1. May I ask you to list the residues in the range 3-22 that are outside any loop (DSSP other than H, G, I, E, B) and hydroxyl-bearing (Ser, Thr, Tyr)?
2. Residues in the range 31-72 that are of a type in the set (Asp, Glu) and under 21 Å from SER95 (Cβ atoms): how many?
3. Looking only at the range 104-147, how many residues end up being farther than 22 Å from SER4 by Cα and either of a type in the set (A, V, I, L, M) or outside any loop (DSSP other than H, G, I, E, B) (or both)?
4. What about ARG131, is it touching a residue at least 40 places away in the same chain (Cβ under 8 Å) and among the charged types (D, E, K, R)?
5. Hey, LEU73 hits all of (1) touching a residue at least 60 places away in the same chain (Cβ under 8 Å); (2) within 16 Å of LEU128 (Cα to Cα) but one; which does it fall short on?
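Any read-out appearing in this document is the output of simple, stated calculations on the displayed coordinates, not a laboratory observation. Fair warning: this is a prediction, and the values are worked out from it, not measured in the lab. Because the Cβ atoms are built from the backbone with ideal geometry, glycine has one as well, and the counts that use them run over all protein chains shown.
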Amino acid sequence: MRISEEGKALIKKFEGCELESYRCSADVATIGYGHTKDVSDGDTCTQEEADQMLAEDLEEFEDYVDKLVTVDLDQNQFDALVAWTFNLGPTNLKSSTMLKVLNEGKHENVPGEMRRWNKAGGETLEGLIRRREAEGLLWDNKLWHEV
């Protein structure tokens, strides 16, 4: 399964696109739409490069979801999980209670589990509260754009 345009739109909304590197809330050098691999302070990219980095990153995160989830997902559920994993990383997905309850077939519990992940650097962040809410709404095939 591959992420849809709706899933990409959620990621783009919450990541934003920065053509100059910056330090994210977890103090990681980041550029483009949340790209962190081989990024150094002072790096720059073009919009086209940012789009290409996102496309490559999404393939990687789609694969993590495909490998770790053992139950069937619909497109919105897959998109929400890829967006969540893109933000939090595959290690957090693999060790999460969310994945455990999902793989037990408790799809209805996933949005609540997603919302628990709203901290960076030990602090609860409004942006992460909003992002987790949007991911939960997307999971449930509800409108998330106004979050």
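1. Passing the criteria: SER21, TYR22.
2. Number satisfying all stated conditions: 5.
3. In the first step, residues of the range 104-147 are kept if they are farther than 22 Å from SER4 by Cα; the result is 104-106, 109, 112-113, 116-127, 129.
Keeping just the survivors that are either of a type in the set (A, V, I, L, M) or outside any loop (DSSP other than H, G, I, E, B) (or both) gives 109, 112-113, 119-120, 123-127, 129.
Going through the range 104-147 one residue at a time, the tally reaches 11.
4. yes
5. For LEU73, the exception is condition (2).
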